[in-house]
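The next block holds one structure in the form of structure tokens; read it before the comments.
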Amino acid sequence: MAYTLSNIVMKNYLVASSSPLTESVERLRCCYEAGFSSAILKSSAEYVRTGTGYGRKVVYVKDGYYADASFEREILTLEEGIELYKKALNHCSSDMLLIPSVSASSLEPEKWLNSCRQFELCGASLIQLDFFYLGTLKHDERFYEKLKILLMCLVQSLDCAVMPKLNLNFDPDKACNILKESGIKTVSLLDSMREIPDPNLGLHENTTSYFGGRQLPYTLKYLKVAKQYGLEVCAGGGVTSKNDVGVLLAAGADMVQVASYILCRDFRAVEELLDNEFCSNIPSEITKHNPWCDYENGEQCEKCGACAPHEIK
């Protein structure tokens with residue numbers, strides 16, 4: 001069976017989600033060695049970092065984990081994103097597609113278009129549109145009208161393909177209908193769940209997301225709607241086993257995104273999610289690299305808690 005995204009042939013069905021797995025060249029090399037067919041880079045946006053943000057904090061719970069981080073910690077500047085993409089192209093084989101991811105906190109087409117054009121000029125054939133921060137704009141009564149204008153502008157102005165990543169605040173039927181009407185072929189599912197955690201965990205209410213098995217039903221809900229509109233789907237969110245990968249593929253997913261499953265183990269766990277025909281059976285020393293950070297390569301430890309014993313809260 002052939003697996004594709006926007007007519008780009010993939011070597012298997014597994015995609016590394018935009019996450020700590022894909023925020024450095026070292027970890028992108030690990031994604032390649034581990035067997036991912038493609039990797040969606042950490043999102044970048046056209047902004048100037050002011051240094052007023054705060055770092056990452058991870059707290060494990062019984063069915064997953066919470067991750068808390070400010071915008072300035074989680075979103076690369078456009079310059080950083082382009083530099084990461086260019087360097088990764090030189091270190092990763094051509095049979096792992098690198099997919100830049102761009103973000104913005106506005107529906108105005110200009111910033112989205114400029115970011116996409118910058119990556120297109122670097123050779124990107126497919127770009128993810130990270131709509132995570134657009135959820136706060138849902139109060140605008142013209143939200144879906146403006147979203148359609150944005151998407152049509154990008155489709156008409158770019159030579160590369162774009163793949164919107166839907167936000168859980170979006171109505172799946174309205175959003176997928178707009179994607180179809182705008183000429184979008186491929187959609188990325190699904191964003192993390194914003195949750196208000198136990199205040200005793202010391203996490204920020206407005207910047208904390210949940211990752212884990214409770215995401216899967218939402219992913220399946222949006223996947224079903226997307227397929228009804230004839231969209232190609234790169235689905236993920238809530239994968240906790242190879243069986244979950246099979247469930248998504250059986251429900252119509254064209255490709256499956258994974259991050260948390262690997263972050264809670266290590267890069268070698270990729271083969272646990274692949275069919276035997278896609279496994280190399282050749283252990284690679286590089287895949288023992290910490291999936292959360294590059295601390296062992298000399299970078300300063302952020303003390304985010306991701307590497308601490310998985311204490312159940």
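None of the figures in this text is laboratory data; all of them are computed from the coordinates on show. Just so it is clear, the structure is predicted and the values come from calculations on it, not from any experiment. Here the Cβ positions follow ideal geometry from the backbone for every residue, glycine too, while neighbour counts run over all protein chains shown.
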Just want the ordering: Ser280, Ser38, from fewest to most Cβ atoms lying within 10 Å of their own Cβ.
Ser280, Ser38
Along the charge dipole of the chain, pointing to its positive end and built from +1/-1 on Cβ of Lys, Arg, Asp and Glu, which listed residue (Gly81, Cys279, Leu154) has its Cα farthest out?
Leu154
Considering only DSSP beta bridges whose two residues both sit in the chain, what percent are antiparallel, to the nearest 5?
35
Approximate spin-label separation Ser106-Ser94, in nm, with each point projected 7 Å along Cα-to-Cβ:
3.9
Footprinting exposure proxy for Val245, Val187 (fewest neighbouring C-beta atoms within 10 Å first):
Val245, Val187
Whose amide H sits under 5 Å from the amide H of Gln128, counting only residues 5 or more places off or on another chain, with H placed in the peptide plane?
Ser101, Val102, Met163
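Using alpha-carbon pairs under 8 Å, 6+ residues apart, how would you state the relative contact order of the chain in percent?
Result for the chain is 22 percent.
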Suppose the Debye formula is applied to equal point scatterers at every Cα of segment 38-100; what is log10 I(q)/I(0) at q = 0.12, 0.14, 0.18, 0.27 Å⁻¹?
-0.42, -0.55, -0.79, -1.04
Lys, Arg +1 and Asp, Glu -1 on Cβ, resulting dipole of the chain about Cα centre, debye, nearest 20:
440
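Quick one: Val258, Val233, Val155, fewest Cβ neighbours within 10 Å first, how do they rank?
With the sparsest Cβ surroundings first, the list reads Val155, Val258, Val233.
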For the chain, modelled as a Gaussian network with Cα springs under 10 Å, which listed residue fluctuates most, Ser93, Ser182, Ser44?
Ser93
Expressed in angstrom and rounded, the centroid-to-centroid distance over alpha carbons for segment 183-244 and segment 68-105 is 20
Amide hydrogen neighbours beyond the local backbone of Leu189, cut-off 5 Å, H modeled
Cys234, Ala235, Gly236
In vacuum, with every alpha carbon of the chain counted as one equal point scatterer, what does the Debye formula give for log10 I(q)/I(0) at q = 0.11, 0.13 Å⁻¹? Two decimals, please.
-0.63, -0.92
